[in-house]
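Student: Quick one: the structure is below, and I'll ask about it shortly.
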Amino acid sequence: MMNNTGKPIPFSYAFSFQEGMAHIIRKSGTGFINKSGELIVPCTYEMAFSYSEGLVMVQKDGKCGYLDKSGNIVIPIEYDDADIFSDGLAGVCKDGKWGFIDKQGNLVIPYTYDATNCFAEGLCGVIKDGKAGVIDKQGNEIIPFIYEDIYQFSEGLICAKKDSCSGFIDAAGTEVIPFIYDGGSILSIVCKDGLICTFKDGKGGVIDKTGNEVVPFIYEDIAYEYSEGLVYVRLNGKYGAVDSHGNEIIPFTYDHLSSFSEGLAAASSGGKYGFINKMNEAVIPFVYTSAYAFSDGLALISEKGRNAWFIDKFGDAGIALKRSYTTLEKAKAAILILAAGLILYALIKALL
(Lines give C-alpha, C1' and ligand atoms only; values in the text may rest on other atoms or scores of the structure.)
Protein backbone atom coordinates (compact mmCIF):
# COMPACT_ATOMS: atom_id res chain seq x y z
CA MET A 1 0.00 0.00 0.00
CA MET A 2 1.46 3.32 -1.07
CA ASN A 3 0.12 6.84 -0.83
CA ASN A 4 -2.44 7.92 -3.40
CA THR A 5 0.21 8.85 -5.99
CA GLY A 6 1.82 5.41 -5.76
CA LYS A 7 5.11 6.97 -4.62
CA PRO A 8 6.81 6.74 -1.23
CA ILE A 9 5.95 9.57 1.15
CA PRO A 10 9.01 11.77 1.89
CA PHE A 11 9.76 12.27 5.57
CA SER A 12 12.45 13.29 8.03
CA TYR A 13 10.92 11.38 10.96
CA ALA A 14 7.77 9.34 11.54
CA PHE A 15 5.76 8.05 14.52
CA SER A 16 3.44 5.09 15.08
CA PHE A 17 -0.26 5.18 14.23
CA GLN A 18 -2.66 6.37 16.92
CA GLU A 19 -6.41 6.43 16.32
CA GLY A 20 -5.83 5.70 12.63
CA MET A 21 -3.43 8.61 12.06
CA ALA A 22 0.38 8.69 11.93
CA HIS A 23 2.48 11.75 12.67
CA ILE A 24 5.22 12.47 10.11
CA ILE A 25 7.82 15.23 9.96
CA ARG A 26 9.19 16.82 6.79
CA LYS A 27 11.54 19.73 6.18
CA SER A 28 8.46 21.92 5.75
CA GLY A 29 6.95 20.91 9.10
CA THR A 30 4.84 18.22 10.69
CA GLY A 31 1.54 16.66 9.58
CA PHE A 32 -0.46 13.40 9.54
CA ILE A 33 -1.25 10.55 7.16
CA ASN A 34 -4.10 8.04 7.38
CA LYS A 35 -3.81 4.26 7.01
CA SER A 36 -4.30 4.57 3.24
CA GLY A 37 -1.14 6.66 3.06
CA GLU A 38 -3.01 9.87 2.26
CA LEU A 39 -1.63 13.10 3.69
CA ILE A 40 -4.65 14.39 5.63
CA VAL A 41 -2.99 17.10 7.70
CA PRO A 42 -0.41 19.01 5.60
CA CYS A 43 3.14 19.28 6.95
CA THR A 44 2.84 22.96 7.77
CA TYR A 45 2.82 22.80 11.58
CA GLU A 46 5.83 23.36 13.82
CA MET A 47 4.94 20.67 16.34
CA ALA A 48 2.17 18.21 17.12
CA PHE A 49 1.22 15.46 19.55
CA SER A 50 -0.54 12.22 18.58
CA TYR A 51 -4.31 12.10 18.19
CA SER A 52 -6.24 11.57 21.41
CA GLU A 53 -10.02 11.37 21.73
CA GLY A 54 -10.38 12.35 18.06
CA LEU A 55 -8.39 15.59 18.25
CA VAL A 56 -4.74 16.52 17.93
CA MET A 57 -2.81 19.45 19.37
CA VAL A 58 -0.72 21.33 16.79
CA GLN A 59 1.50 24.38 16.94
CA LYS A 60 1.82 27.10 14.32
CA ASP A 61 3.56 30.48 14.57
CA GLY A 62 4.32 29.66 18.21
CA LYS A 63 0.66 29.15 19.16
CA CYS A 64 -1.28 25.93 19.85
CA GLY A 65 -4.74 24.70 18.89
CA TYR A 66 -6.58 21.52 17.86
CA LEU A 67 -7.50 19.76 14.62
CA ASP A 68 -9.98 16.98 13.88
CA LYS A 69 -9.17 13.91 11.75
CA SER A 70 -10.01 15.80 8.56
CA GLY A 71 -7.37 18.40 9.38
CA ASN A 72 -9.93 21.08 10.20
CA ILE A 73 -9.15 23.58 12.96
CA VAL A 74 -11.84 22.93 15.57
CA ILE A 75 -10.28 24.84 18.48
CA PRO A 76 -8.46 28.05 17.49
CA ILE A 77 -4.68 28.16 17.40
CA GLU A 78 -4.35 30.78 20.13
CA TYR A 79 -2.76 29.12 23.18
CA ASP A 80 0.83 29.53 24.36
CA ASP A 81 1.00 25.81 25.13
CA ALA A 82 -1.42 22.89 25.24
CA ASP A 83 -1.73 19.20 26.11
CA ILE A 84 -3.69 16.23 24.72
CA PHE A 85 -7.37 15.62 25.43
CA SER A 86 -8.04 13.09 28.16
CA ASP A 87 -11.30 12.42 29.99
CA GLY A 88 -12.89 15.05 27.74
CA LEU A 89 -10.65 17.92 28.83
CA ALA A 90 -7.27 19.33 27.78
CA GLY A 91 -4.84 21.54 29.65
CA VAL A 92 -4.05 24.83 27.87
CA CYS A 93 -1.74 27.69 28.80
CA LYS A 94 -2.03 31.45 28.43
CA ASP A 95 0.29 34.07 29.92
CA GLY A 96 2.17 31.44 31.91
CA LYS A 97 -0.86 29.89 33.62
CA TRP A 98 -2.71 26.66 32.83
CA GLY A 99 -6.44 25.89 32.76
CA PHE A 100 -8.68 23.36 31.03
CA ILE A 101 -10.94 23.48 27.98
CA ASP A 102 -13.58 21.06 26.67
CA LYS A 103 -13.80 19.79 23.07
CA GLN A 104 -15.80 22.83 22.04
CA GLY A 105 -12.99 25.09 23.22
CA ASN A 106 -14.90 26.36 26.25
CA LEU A 107 -12.74 27.27 29.26
CA VAL A 108 -14.15 25.07 32.04
CA ILE A 109 -11.36 25.49 34.62
CA PRO A 110 -9.70 28.94 34.75
CA TYR A 111 -6.03 29.73 34.18
CA THR A 112 -4.81 29.14 37.72
CA TYR A 113 -2.04 26.53 37.65
CA ASP A 114 1.70 26.48 37.07
CA ALA A 115 1.52 23.05 35.45
CA THR A 116 -1.05 20.33 34.79
CA ASN A 117 -1.26 16.62 34.03
CA CYS A 118 -4.06 14.87 32.16
CA PHE A 119 -7.45 14.11 33.68
CA ALA A 120 -8.16 10.45 34.44
CA GLU A 121 -10.99 8.94 36.46
CA GLY A 122 -12.43 12.45 36.83
CA LEU A 123 -9.41 13.83 38.69
CA CYS A 124 -6.17 15.58 37.76
CA GLY A 125 -2.86 16.30 39.45
CA VAL A 126 -1.85 19.96 39.09
CA ILE A 127 0.77 22.35 40.48
CA LYS A 128 -0.06 25.72 42.01
CA ASP A 129 2.37 28.13 43.67
CA GLY A 130 5.05 25.46 43.49
CA LYS A 131 3.05 22.74 45.26
CA ALA A 132 1.15 19.78 43.79
CA GLY A 133 -2.40 18.67 44.57
CA VAL A 134 -5.50 17.23 42.88
CA ILE A 135 -8.62 18.86 41.43
CA ASP A 136 -11.88 17.49 39.97
CA LYS A 137 -13.45 18.45 36.62
CA GLN A 138 -15.12 21.47 38.18
CA GLY A 139 -11.79 22.77 39.49
CA ASN A 140 -12.54 21.90 43.12
CA GLU A 141 -9.54 21.04 45.31
CA ILE A 142 -9.80 17.35 46.19
CA ILE A 143 -6.33 16.71 47.62
CA PRO A 144 -4.48 19.66 49.20
CA PHE A 145 -1.44 21.23 47.58
CA ILE A 146 1.25 19.76 49.82
CA TYR A 147 3.34 17.61 47.43
CA GLU A 148 6.46 18.34 45.41
CA ASP A 149 5.12 16.70 42.27
CA ILE A 150 2.19 14.54 41.20
CA TYR A 151 1.21 12.44 38.22
CA GLN A 152 -2.06 10.90 36.94
CA PHE A 153 -4.76 8.76 38.54
CA SER A 154 -4.89 5.12 37.53
CA GLU A 155 -7.04 2.45 39.18
CA GLY A 156 -7.89 4.76 42.07
CA LEU A 157 -4.32 5.71 42.96
CA ILE A 158 -2.06 8.60 42.08
CA CYS A 159 1.70 8.79 42.40
CA ALA A 160 3.02 11.82 44.30
CA LYS A 161 6.43 13.03 45.39
CA LYS A 162 7.33 14.09 48.93
CA ASP A 163 10.76 14.66 50.46
CA SER A 164 12.24 13.68 47.06
CA CYS A 165 10.64 10.21 47.25
CA SER A 166 7.63 8.72 45.45
CA GLY A 167 4.58 7.05 46.97
CA PHE A 168 0.87 6.58 46.28
CA ILE A 169 -2.25 8.23 47.66
CA ASP A 170 -5.92 7.51 46.95
CA ALA A 171 -8.70 9.90 45.90
CA ALA A 172 -9.28 10.86 49.56
CA GLY A 173 -5.62 11.85 49.95
CA THR A 174 -4.84 8.85 52.18
CA GLU A 175 -1.31 7.48 51.90
CA VAL A 176 -1.73 3.94 50.58
CA ILE A 177 1.85 3.14 49.60
CA PRO A 178 4.63 4.83 51.60
CA PHE A 179 7.01 7.38 50.13
CA ILE A 180 10.05 5.13 49.87
CA TYR A 181 10.53 4.84 46.11
CA ASP A 182 12.93 6.76 43.89
CA GLY A 183 11.58 10.24 43.23
CA GLY A 184 13.24 10.45 39.83
CA SER A 185 10.77 7.94 38.42
CA ILE A 186 7.71 10.08 39.21
CA LEU A 187 6.69 10.52 35.57
CA SER A 188 6.74 6.80 34.82
CA ILE A 189 4.86 5.35 37.78
CA VAL A 190 1.28 4.26 37.07
CA CYS A 191 -0.94 1.48 38.37
CA LYS A 192 -2.20 -1.00 35.77
CA ASP A 193 -3.92 -4.32 36.39
CA GLY A 194 -3.23 -3.84 40.09
CA LEU A 195 0.55 -3.65 39.58
CA ILE A 196 3.05 -0.80 39.81
CA CYS A 197 6.46 -0.82 38.14
CA THR A 198 8.86 1.44 40.00
CA PHE A 199 12.42 1.93 41.25
CA LYS A 200 13.94 1.67 44.70
CA ASP A 201 17.60 2.39 45.42
CA GLY A 202 18.21 2.57 41.67
CA LYS A 203 16.78 -0.87 40.88
CA GLY A 204 13.50 -1.67 39.12
CA GLY A 205 10.83 -3.98 40.51
CA VAL A 206 7.08 -4.35 40.90
CA ILE A 207 4.68 -3.82 43.82
CA ASP A 208 0.93 -4.37 44.12
CA LYS A 209 -1.69 -1.80 45.15
CA THR A 210 -0.99 -2.39 48.83
CA GLY A 211 2.76 -1.95 48.46
CA ASN A 212 3.69 -5.64 48.62
CA GLU A 213 6.72 -6.57 46.52
CA VAL A 214 5.69 -9.02 43.78
CA VAL A 215 8.76 -8.78 41.54
CA PRO A 216 12.09 -8.19 43.29
CA PHE A 217 14.00 -4.94 42.87
CA ILE A 218 16.93 -6.37 40.93
CA TYR A 219 16.59 -4.91 37.43
CA GLU A 220 18.64 -2.19 35.77
CA ASP A 221 15.63 -1.01 33.77
CA ILE A 222 11.90 -1.71 33.68
CA ALA A 223 8.97 -0.55 31.54
CA TYR A 224 6.60 1.96 33.14
CA GLU A 225 3.72 -0.53 33.12
CA TYR A 226 2.68 -4.09 32.26
CA SER A 227 1.39 -4.65 28.76
CA GLU A 228 -0.54 -7.78 27.84
CA GLY A 229 0.56 -9.48 31.05
CA LEU A 230 4.30 -8.92 30.60
CA VAL A 231 6.80 -6.19 31.41
CA TYR A 232 10.22 -5.80 29.81
CA VAL A 233 13.22 -5.55 32.15
CA ARG A 234 16.99 -5.35 31.77
CA LEU A 235 19.44 -7.54 33.66
CA ASN A 236 23.20 -7.64 33.12
CA GLY A 237 22.84 -5.38 30.11
CA LYS A 238 20.31 -7.54 28.27
CA TYR A 239 16.52 -7.23 27.93
CA GLY A 240 13.87 -9.86 28.57
CA ALA A 241 10.34 -9.93 29.96
CA VAL A 242 8.74 -11.25 33.16
CA ASP A 243 5.15 -11.94 34.14
CA SER A 244 3.24 -10.60 37.15
CA HIS A 245 4.95 -13.13 39.44
CA GLY A 246 8.45 -12.31 38.24
CA ASN A 247 8.78 -15.49 36.16
CA GLU A 248 11.11 -15.12 33.19
CA ILE A 249 8.97 -15.47 30.05
CA ILE A 250 11.27 -13.89 27.47
CA PRO A 251 14.95 -14.74 28.11
CA PHE A 252 17.53 -12.01 28.68
CA THR A 253 19.11 -12.15 25.25
CA TYR A 254 18.04 -8.92 23.55
CA ASP A 255 19.83 -5.61 23.14
CA HIS A 256 16.47 -3.85 23.06
CA LEU A 257 12.88 -4.92 23.67
CA SER A 258 9.65 -2.95 23.40
CA SER A 259 6.50 -3.60 25.39
CA PHE A 260 4.18 -6.22 23.92
CA SER A 261 1.44 -4.70 21.80
CA GLU A 262 -1.12 -6.61 19.76
CA GLY A 263 0.66 -9.84 20.67
CA LEU A 264 4.11 -8.86 19.42
CA ALA A 265 7.16 -6.97 20.67
CA ALA A 266 9.91 -5.26 18.70
CA ALA A 267 13.31 -6.66 19.66
CA SER A 268 16.91 -6.25 18.54
CA SER A 269 19.81 -8.68 18.49
CA GLY A 270 23.13 -8.43 16.71
CA GLY A 271 22.33 -4.93 15.53
CA LYS A 272 19.11 -5.92 13.73
CA TYR A 273 15.45 -5.53 14.69
CA GLY A 274 12.53 -7.89 14.26
CA PHE A 275 9.39 -8.97 16.13
CA ILE A 276 8.81 -11.80 18.60
CA ASN A 277 5.67 -13.31 20.11
CA LYS A 278 5.13 -14.29 23.74
CA MET A 279 6.69 -17.70 23.10
CA ASN A 280 9.89 -15.93 22.05
CA GLU A 281 9.43 -16.98 18.45
CA ALA A 282 10.68 -14.65 15.71
CA VAL A 283 7.45 -13.89 13.86
CA ILE A 284 8.96 -11.15 11.68
CA PRO A 285 12.66 -11.73 10.92
CA PHE A 286 15.51 -9.65 12.35
CA VAL A 287 16.44 -7.69 9.22
CA TYR A 288 15.62 -4.06 10.06
CA THR A 289 17.71 -1.14 11.26
CA SER A 290 14.98 -0.06 13.68
CA ALA A 291 11.47 -1.14 14.62
CA TYR A 292 8.70 0.17 16.87
CA ALA A 293 5.77 -1.52 18.60
CA PHE A 294 2.57 -2.35 16.73
CA SER A 295 -0.29 0.12 17.02
CA ASP A 296 -3.54 0.10 15.05
CA GLY A 297 -2.35 -3.09 13.32
CA LEU A 298 0.79 -1.52 11.85
CA ALA A 299 4.40 -1.11 12.98
CA LEU A 300 6.99 1.39 11.80
CA ILE A 301 10.30 -0.10 10.64
CA SER A 302 13.30 1.34 8.84
CA GLU A 303 16.25 0.12 6.81
CA LYS A 304 19.64 1.83 7.13
CA GLY A 305 17.91 4.96 8.42
CA ARG A 306 16.99 6.08 4.89
CA ASN A 307 13.76 4.26 4.02
CA ALA A 308 10.90 3.16 6.22
CA TRP A 309 7.60 1.30 6.01
CA PHE A 310 4.56 0.57 8.05
CA ILE A 311 4.23 -3.21 8.03
CA ASP A 312 1.40 -5.51 9.11
CA LYS A 313 1.73 -8.54 11.41
CA PHE A 314 2.76 -10.74 8.48
CA GLY A 315 5.67 -8.43 7.76
CA ASP A 316 4.07 -7.25 4.51
CA ALA A 317 4.96 -3.68 3.56
CA GLY A 318 2.19 -1.13 3.72
CA ILE A 319 2.74 2.60 3.50
CA ALA A 320 6.22 3.39 2.20
CA LEU A 321 8.26 6.33 3.46
CA LYS A 322 11.44 7.73 1.97
CA ARG A 323 13.99 9.65 4.02
CA SER A 324 14.34 13.30 2.97
CA TYR A 325 17.46 14.89 4.36
CA THR A 326 17.52 18.40 5.79
CA THR A 327 19.99 21.03 4.59
CA LEU A 328 22.02 20.53 7.78
CA GLU A 329 22.16 16.77 7.22
CA LYS A 330 23.26 17.33 3.61
CA ALA A 331 25.97 19.69 4.83
CA LYS A 332 27.19 17.13 7.37
CA ALA A 333 27.25 14.45 4.67
CA ALA A 334 29.22 16.75 2.36
CA ILE A 335 31.74 17.45 5.14
CA LEU A 336 32.19 13.72 5.75
CA ILE A 337 32.71 13.07 2.03
CA LEU A 338 35.21 15.95 1.82
CA ALA A 339 37.06 14.68 4.91
CA ALA A 340 37.20 11.16 3.47
CA GLY A 341 38.55 12.58 0.22
CA LEU A 342 41.25 14.56 2.01
CA ILE A 343 42.31 11.49 4.00
CA LEU A 344 42.48 9.41 0.81
CA TYR A 345 44.49 12.15 -0.91
CA ALA A 346 46.93 12.28 2.04
CA LEU A 347 47.38 8.48 1.95
CA ILE A 348 48.07 8.52 -1.78
CA LYS A 349 50.60 11.36 -1.34
CA ALA A 350 52.31 9.41 1.43
CA LEU A 351 52.63 6.34 -0.76
CA LEU A 352 54.07 8.21 -3.74
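Student: Heavy atoms only, probe 1.4 angstrom, no DNA, RNA or ligands counted: give me T116, T210, T44 ranked by accessible area, highest first.
Tutor: Details: T116 25, T210 90, T44 65 Å².
Most to least solvent-accessible, the answer reads T210, T44, T116.
Student: Under the rule of -39500 (n - 2.57) per DSSP H run of 4 or more residues, summed and divided by the residues of the chain, what mean residue ellipticity at 222 nm is obtained, to the nearest 500 deg cm²/dmol? Don't skip to the answer; put the middle values down first.
Tutor: On the way: 1 runs with 25 residues, N = 352.
Roughly -2500 deg cm²/dmol at 222 nm, from the helical runs in the chain.
Student: Any chance you could run the full-extension gain for I249 through I73? It's 0.36 nm times the residue separation minus the Cα-Cα distance, nm to one decimal.
Tutor: Between I249 and I73, full extension yields 58.7 nm more.
Student: Amide H of F100: which non-local residues (sequence gap of 5 or more, or other chain) have their own amide H closer than 5 Å, using H built in the peptide plane?
Tutor: Long-range HN contacts for F100: V92, V108, I109.
Student: Run the numbers for N236 and S28: contour at 0.36 nm per residue of separation, minus the present Cα-Cα distance, in nm. Please list the in-between numbers first.
Tutor: Numbers: separation 208, 0.36 × 208 = 74.88 nm, distance 4.29 nm.
Working it through step by step, the gained length comes to 70.6 nm.
Student: Relative to the present Cα-Cα distance, how much length would full extension add between E175 and D80 at 0.36 nm per residue of separation? The partial results should precede the final answer.
Tutor: Details: separation 95, 0.36 × 95 = 34.20 nm, distance 3.53 nm.
Full-extension gain reported as 30.7 nm.
Student: For the stretch 209-226, just list the computed ³J(HN,Hα) in residue order, Karplus coefficients 6.51, -1.76 and 1.60, θ = phi - 60°, integers in Hz, with x standing in for Gly and Pro.
Tutor: Result, rounded to whole Hz: 6, 9, x, 6, 6, 10, 10, x, 7, 10, 9, 6, 8, 7, 5, 6, 6, 5.
Student: Sticking with this structure for a sec: Taking just the alpha-carbon atoms of the stretch 20-59, what radius of gyration and Dmax come out, in angstrom?
Tutor: 9.3, 28
Student: With a cut-off of 8 Å between alpha carbons and a minimum separation of six or more residues, what is the relative contact order of the chain in percent?
Tutor: Working: 904 pairs, mean separation 33.3, N = 352.
9 percent.
Student: Just the number, please: carbon plus sulfur as a percent of the accessible area of the stretch 137-191, 1.4 Å probe, no ligands or DNA/RNA counted. Intermediate values should be presented prior to the final figure.
Tutor: On the way: 1170 of 2370 Å².
On the stretch 137-191, the fraction of accessible area on carbon and sulfur atoms equals 49 percent.
Student: Give the lysines whose C-alpha is closer than 17 Å to that of K131, dropping any in the same chain fewer than 8 places away, or say none.
Tutor: Within the straight-line cut-off, K131 pairs with K97, K161, K162.
Student: For the chain, state what percent of all Cα-Cα pairs lands in each successive 10 Å bin, counting from 0 Å until the bin that includes the largest distance.
Tutor: With a bin width of 10 Å, the distribution comes to 5, 20, 24, 28, 17, 4, 2, 0, 0.
Student: Accessible area per residue for the stretch 65-141 in Å², computed with a 1.4 Å probe and the full protein assembly in place, what is it?
Tutor: Working: 3250 Å² over 77 residues.
That works out to 42 Å² per residue.
Student: With springs connecting C-alpha atoms under 10 Å apart, model the chain as a Gaussian network and identify which of D193, D81, D129 has the largest mean-square fluctuation.
Tutor: In the Gaussian network model the winner is D129.
Student: I would also like to ask the following. Using the basic label-point model (7 angstrom from Cα toward the beta carbon), what is the N280 to D114 distance in nanometres?
Tutor: Computed distance between label sites N280 and D114 equals 4.8 nm.
Student: Another question, if that's okay. Ratio of alpha-carbon Rg to the 2.2 N^0.38 Å globular estimate for the stretch 1-88, to two decimals, please. Kindly include the intermediate steps, with their values, before the conclusion.
Tutor: Details: Rg = 12.6 Å, N = 88, 2.2 N^0.38 = 12.1 Å.
Compactness ratio reported: 1.04.
Student: Further question on the same structure: Distance between the C-alpha centers of the stretch 269-298 and the stretch 199-264? Whole Å please.
Tutor: 18
Student: If you don't mind, there's one more thing I want to ask. If each of K313 and D102 carries a label point 7 Å out from its Cα toward its Cβ, how far apart are those two points in nm?
Tutor: 3.8
Student: Once the cut-off is 19 Å, how many percent of the Cα-Cα pairs in the stretch 143-248 end up in the long-distance tail? Walk me through the intermediate numbers first.
Tutor: On the way: 2074 of 5565 pairs.
For the stretch 143-248, the fraction of Cα-Cα distances above 19 Å is 37 percent.
Student: Just to confirm the number: angle between the C-alpha axis of helix 327-351 and the first principal axis of the chain, 0 to 90 degrees, nearest 10?
Tutor: Relative to the chain, helix 327-351 is tipped by roughly 40 degrees.
Student: Still on this structure: Rounded, prolate or oblate for the stretch 220-267? Axes are the square roots of the Cα gyration tensor eigenvalues, ordered a ≥ b ≥ c, and the cut-off for rounded is a/c under 1.5. Provide the component values of the computation, followed by the final result.
Tutor: Values: a/c = 1.60, a/b = 1.22, b/c = 1.31.
Note, shape of the stretch 220-267 comes out oblate.
Student: Between G91, S12, I101, whose Cα lies farthest towards the positive end of the dipole of the stretch 1-126 when Lys and Arg beta carbons carry +1 and Asp and Glu beta carbons carry -1, centred on the Cα centre?
Tutor: Going by the charge dipole, the pick is S12.
Student: Quick one: the Cα spread of the stretch 1-147 along its three principal axes, in angstroms, biggest first?
Tutor: 57, 29, 26
Student: Give the accessible area for M47 in Å² (nearest 10); use a 1.4 Å probe, count only protein heavy atoms, and leave out ligands, DNA and RNA.
Tutor: M47 exposes around 60 Å² with every protein chain in place.
Student: Which of A223, A282, A265 ends up with the largest GNM mean-square fluctuation for the chain, with Cα atoms connected below 10 Å?
Tutor: Sorting by GNM fluctuation, first place goes to A282.
Student: If you filter the stretch 118-188 for trypsin sites (Lys or Arg not before Pro), then keep DSSP loop positions with at most 16 other Cβ within 10 Å, what is left?
Tutor: Passing sites in the stretch 118-188 are K137.
Student: Choose one of V283, L123, V206: the residue whose Cα lies farthest towards the positive end of the charge dipole of the chain (beta-carbon charges +1 Lys, Arg; -1 Asp, Glu; about the Cα centre).
Tutor: Checked the options; the winner is V283.
The values are calculated or read from the model by the stated rules, or taken from the named source; none is laboratory data. This is a predicted model, so every value here is computed, not measured. All Cβ positions, glycine included, derive from the backbone under ideal geometry; neighbour counts span all protein chains shown. The accessibility values were calculated without ligands, DNA or RNA, using every heavy atom of the protein model including side chains. Shrake-Rupley method; radii C 1.70, N 1.55, O 1.52, S 1.80 Å.
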